[in-house]
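The values are calculated or read from the model by the stated rules, or taken from the named source; none is laboratory data. Every value quoted in this text rests on a predicted model; they were computed, and no experiment measured them. FYI the Cβ positions are ideal-geometry reconstructions off the backbone, even for glycines, and counts take in every protein chain you see.
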């Protein structure tokens, strides 16, 4: 069994499952992640959002337009900001993020428990592996760093 393959396959499965679970709520996985980023970083610009989503600025702009049209985010750019949007989540967007985050998290937790894996232990192991890959072992992070 190859760990790298298994992790890549798991991520693909998680992405497909997330899409299926989010569709009834009018969201794609990218739109959901955009909402989470905007909720966690009020005033984020479209350019920074595109970096966080790892998509082009044009793709992020389309996501932003759809979230604005749905009333899930607002553009709170100050006067004189030009064409730069500063994004903030609305109460409706916050409620949807909370609902969908619970849906996605509880689903995965339940599957882990069903096969005898403690979700928190697994999350810590994945975080440690991710940190190791990102830093190449140069630094050690703690839970408070994230």
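Here are some notes:
- With respect to (1) free of Cβ contacts under 8 Å to residues at least 40 places away in the same chain; (2) out of contact with any strand residue (DSSP E or B) (no Cβ under 9 Å at 6 or more places or on another chain); (3) surrounded by 13 or more Cβ atoms within 10 Å (Cβ to Cβ), the lone exception for residue 101 is condition (1).
- Wholly within the range 11-127, helices (runs of 4 or more DSSP H) carrying at least 3 residues that are modelled with pLDDT under 95: 91-114
- Within the option set 9, 74, 2, being farther than 29 Å from residue 133 by Cα and free of Cβ contacts under 8 Å to residues at least 40 places away in the same chain holds for one residue only, 74.
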